[in-house]
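Engineer: One structure follows; several queries about it will come next.
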Amino acid sequence: MNHAAYLSIIFGAGLWGFISIWLNFLMDSGLSSYQVSATRVTLGAIIMLVITAYKNPEYLKIKLKDSWLFIGTGIISLLFFNFNYFVTIRNGGVAIAAMLLYTAPAFVVIMSVIFFKEKVTLQKILALCSTLLGCAFLTGVLAGKISIASGTLFTGLLSGFGYALYSIFAKPATEKYHPLTITTYTFVFAALGNLAFINVPDTLAKTSSLHVLLACLGLAFFCTVLPYLFYTKGLEKVDPGIASILATIELVVASIVGFTIFKEEVTLEKLLGIILIMFSVVLLNLKRK
C-alpha cells in the first residue's frame, strides 16, 4: 500500500473542505454561484498554465488523440457536476445537494469494476457503506423527515455521477501524463465550457475590486489548484474507488470549518457522521492479509 498516495488524496480533499470560507465571501460580494465557479476554474487554468510552463514546458504538450481525457475531466466531469450541484442546491438546499453529491464513491466503485477490473473487497464495501451513512448523518438528511422531489433527486444523482467521472477519466490519464498536465488541461477545458453560462463583462466588473480579486485568487489556488494536484497525484498509485471514498474527508473538514468559523450547531448526528467517515478512511488504510 502506498501511504504517501493515500495522504496526497486526503490532503487534497481536505483543502476542498475550506471552499465555504471563500464561497460565502464572494457570494456576499455579489457574485452568483455560476460566476464563482467560472472564476474559480478560469483563474485555476491561468495559475496552472504559469506553474506548468515554469516547471517544465514539455508538460504542456498533449497528443490530440488524448484530448478526450481532458474533455472528460474538465467538461464532462468538472463542469457537468458543478452545474447539476448548483441546480440541486437551488431546488433542494445544501444538505440534500451535499448528500447526493457524495453518492460519487458508489458510482466510482461500480465504474472501476467495469472499466478497470477493480476488485470489490469486503473492506471496500464496508468503507463505502460507512462513508455513505456518515455523509447522511453529517449533512443532516437523517436528522428529520426530508422529502426530495424527483427532479432534485435526479440532478443530485447527476452531480454525484459527474463528480465520480473525474477519477474515471483522470486514472488512465495518469498513465500517460504528469499530474501538472492533467490538472492544467482539466481547468482549461472547464474554463472554456463555463463561458457559455456566465455574463463575462458583469463577472469582470464584480471581480475588479482588490479584495474580491484576492478572494478569487485564494479560492483558485488553495481550494482548486492545490487539491486537484494532490488528488490527481494520488490517483497514480491508488484505485479510483478507494480514492473517491478517501476524498469524502472533504465533508469532515467542511463540517469542522462550519463548527469553528461559522458557529454552526454541533449535533450528535454530525459527530456520528464524522466518526463514520473517519472510520472508513482508517479501514481503507488497514493492511489486508
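Engineer: Would you mind telling me which residue in I89, I114, I19 has the biggest mean-square fluctuation in a Gaussian network model of the chain, where springs connect alpha carbons within a distance under 10 angstrom?
Structural biologist: Comparing I89, I114, I19 in a Gaussian network model of the chain, the most mobile one is I114.
Engineer: Using the charge dipole of the stretch 3-285 (Lys, Arg: +1 at Cβ; Asp, Glu: -1 at Cβ; taken about the Cα centre), state which of I96, G30, N82 has its Cα farthest towards the positive end.
Structural biologist: Of the listed residues, the answer is N82.
Engineer: Further question: Take the alpha carbon gyration tensor of the stretch 33-159, find the square roots of its eigenvalues, order them as a ≥ b ≥ c, and report rounded if a/c is under 1.5; if not, report prolate when a/b exceeds b/c, else oblate.
Structural biologist: Working: a/c = 2.38, a/b = 1.45, b/c = 1.65.
Oblate, since a/c reaches 1.5 and b/c is not below a/b.
Engineer: For the stretch 1-87, what does the alpha-carbon gyration tensor say about shape, rounded, prolate or oblate, given a ≥ b ≥ c as the root eigenvalues, a/c under 1.5 as rounded, and a/b over b/c as prolate?
Structural biologist: It is prolate, given that a/c is not under 1.5 and a/b is the larger ratio.
Engineer: Going highest first, how would you order 218-224, 235-241 by mean Cβ packing within 10 Å?
Structural biologist: 235-241, 218-224
Engineer: Convert each backbone phi in the stretch 268-278 into a coupling constant with the Karplus relation 6.51 cos²θ - 1.76 cosθ + 1.60 (shift: θ = phi - 60°), then list the ³J(HN,Hα) values in order as whole Hz, x for Gly and Pro.
Structural biologist: Using θ = phi - 60°, the values come out as 4, 4, 5, 5, 5, x, 4, 4, 5, 5, 5 Hz.
Engineer: Ok, one more. Neighbouring Cβ atoms within 10 Å as the yardstick, rank L132, L284 fewest first.
Structural biologist: Least to most surrounded, the residues fall as L132, L284.
Engineer: Of I256, I10, how do they rank once you tally other Cβ atoms within 10 Å and put the fewest first?
Structural biologist: With the sparsest Cβ surroundings first, the list reads I256, I10.
Engineer: Would the chain count as rounded, prolate or oblate if I go by the C-alpha gyration tensor, calling it rounded below 1.5 in a/c and otherwise prolate when a/b exceeds b/c, oblate otherwise?
Structural biologist: Working: a/c = 1.59, a/b = 1.09, b/c = 1.46.
Note, shape of the chain comes out oblate.
Engineer: Could you give me the percent of Cα pairs per 10 Å distance bin for the stretch 110-161, shortest bin first, beginning at zero and ending with the bin that holds the maximum distance?
Structural biologist: That works out to 20, 38, 32, 10, in percent per bin.
Engineer: Can you check what the net charge comes to around T73, using other residues whose Cβ is under 12 Å from the Cβ of T73 (Lys, Arg +1; Asp, Glu -1)?
Structural biologist: Residues close to T73 contribute a combined charge of 0.
Engineer: Something else: At a 10 angstrom cut-off on C-beta neighbours, averaged per residue, how do the peptides 58-68, 265-275 rank from highest to lowest?
Structural biologist: Top to bottom by mean Cβ count within 10 Å: 265-275, 58-68.
Engineer: Which of the chymotrypsin sites (Phe, Trp or Tyr not before Pro) found in the stretch 251-289 are loop residues per DSSP with 11 or fewer other Cβ atoms within 10 Å of their Cβ? Display every interim value, and only then the final one.
Structural biologist: Details: sites: F259, F262, F279; in loops: F262.
Sparse-neighbourhood loop chymotrypsin sites (Phe, Trp or Tyr not before Pro): F262.
Engineer: OK, next. Would you calculate the volume per residue, in Å³, of the smallest convex hull containing every Cα atom of the stretch 50-101?
Structural biologist: For the stretch 50-101, the hull spanned by Cα atoms encloses 100 Å³ per residue.
Engineer: Now for a different question. Using the Cα atoms of the stretch 184-289, I'd like the radius of gyration and the largest Cα-Cα distance, Dmax, both in angstrom.
Structural biologist: Every Cα atom of the stretch 184-289 included, Rg and Dmax give 18.2, 59 Å.
Engineer: Here is a further query. At a 10 angstrom cut-off on C-beta neighbours, averaged per residue, how do the peptides 165-172, 154-161 rank from highest to lowest?
Structural biologist: Values: 165-172: 23.0, 154-161: 21.1.
Answer by packing, highest mean first, reads 165-172, 154-161.
Engineer: So which trypsin sites (Lys or Arg not before Pro) in the stretch 91-186 end up in coil per DSSP with only 15 or fewer other C-beta atoms within 10 Å?
Structural biologist: K117, K119, K145, K176
Every number here is computed from the coordinates shown, using simple stated rules; none is lab data. Remember, predicted model here, so these are calculated numbers, not experimental data. Quick reminder, even Gly has a Cβ in these numbers, built from the backbone with ideal geometry, and neighbours come from all protein chains shown.
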